[in-house]
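Scroll down for the structure; my scribbles are underneath it.
The values are calculated or read from the model by the stated rules, or taken from the named source; none is laboratory data. Everything numeric in this text was worked out from a predicted model, so none of it was measured. Ideal geometry is used to build each Cβ from the backbone, glycine not excepted, and the neighbour counts take in all protein chains shown. These area figures cover heavy atoms from the full protein model, side chains too; ligands, DNA and RNA do not enter into them. Shrake-Rupley method; radii C 1.70, N 1.55, O 1.52, S 1.80 Å.
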Amino acid sequence: MTEPLVRNHTEITLRLFREGARPQLRRKYNRMTAMVALALLAALAVLAVVMWFLSGSFSALGMEAVLYVLVLGWIRIALPRMECKRAYQAMVNRSGGGAPCRELLFYEDHLLVQPETEEAVSIPYEAVTEVRETKHALTLSYTEGARVLVDKDGFLQGSVEDVRALLAGTGKAASSL
């Protein structure tokens, strides 16, 4: 077997995991927040019309609006954090209790992911569907929503620029967040 061009050791901490998962969760919960906001706005409009005809107190309408804003904030902020923490904890449990570590070996045409407790997985660069870059990580998405997190501070051989060059050769340029 040939020698890897780039070697990376990634310890997946909760902070790094959140940073890598944030874009996907943001897209998911933006859609959900928009749908719930429209439903709550329609309910608020119906309530306003009913109160108008019944000559009711509009202070109740204001309290209802505040409640709706709180519900939307919970959906937008708390739910993604809870989901991220749950997914991270499941990954920690699968890896034996500590922060999961991965050895990432980048070759000319594929990436080899070697987890501590699982079998190695080879990912051809052609299978990578999306590359996201954040302050501390690269996130490579591939088949059916699976992702590989690459810690920018974990390079043992080569650099993040070398990974960008390998992926650019396949037309998968990183988008920054």
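Determine, yes or no, whether D109 is surrounded by fewer than 18 Cβ atoms within 10 Å (Cβ to Cβ), over 15 Å from the mean Cα position of the chain (by Cα) and closer than 11 Å to H9 by Cα. Answer is no for this residue.
Being in contact with a helix residue (DSSP H, G or I) (Cβ under 7 Å, 6 or more places away or on another chain), within 21 Å of Q24 (Cα to Cα) and modelled with pLDDT under 85 is true for just one of L149, L79, L61, L138. Which residue is that? Spell out how you get there, then give the answer.
Numbers: L149 fails: modelled with pLDDT under 85; L61 fails: within 21 Å of Q24 (Cα to Cα); L138 fails: modelled with pLDDT under 85.
Checking each option against the conditions leaves just L79.
Residues that are of a type in the set (G, A, S), under 32 Å from the mean Cα position of the chain (by Cα) and surrounded by 14 or more Cβ atoms within 10 Å (Cβ to Cβ) within segment 36-86 comprise A37, A65, listed in sequence order. Just for segment 1-31: of the residues that are hydrophobic (A, V, I, L, M, F, W, C), in contact with a helix residue (DSSP H, G or I) (Cβ under 6 Å, 6 or more places away or on another chain) and assigned to a helix (DSSP H, G or I), which one is surrounded by the most Cβ atoms within 10 Å (Cβ to Cβ)? So, considering only residues that are hydrophobic (A, V, I, L, M, F, W, C), in contact with a helix residue (DSSP H, G or I) (Cβ under 6 Å, 6 or more places away or on another chain) and assigned to a helix (DSSP H, G or I), the one surrounded by the most Cβ atoms within 10 Å (Cβ to Cβ) is F17. Close contacts from segment 87-108, counting a first residue that is on the phi < 0 side of the Ramachandran plot and small (G, A, S) and a second that is open to solvent by 20 Å² or more (accessible area, probe 1.4 Å) and part of a helix (DSSP H, G or I), with Cβ to Cβ under 7 Å and a gap of 6+ residues or different chains, come to none at all.
Annotation note: of E118, E108, E126, the sole residue that is in contact with a helix residue (DSSP H, G or I) (Cβ under 9 Å, 6 or more places away or on another chain) and at pLDDT 85 or above is E108.
In contact with a Pro (Cβ under 6 Å, 6 or more places away or on another chain), aromatic (F, W, Y) and more than 30 Å from G158 (Cβ to Cβ): does that describe Y107? Steps first, answer last, please.
Details: in contact with a Pro (Cβ under 6 Å, 6 or more places away or on another chain): yes; aromatic (F, W, Y): yes; more than 30 Å from G158 (Cβ to Cβ): no.
No: the conditions fail for Y107.
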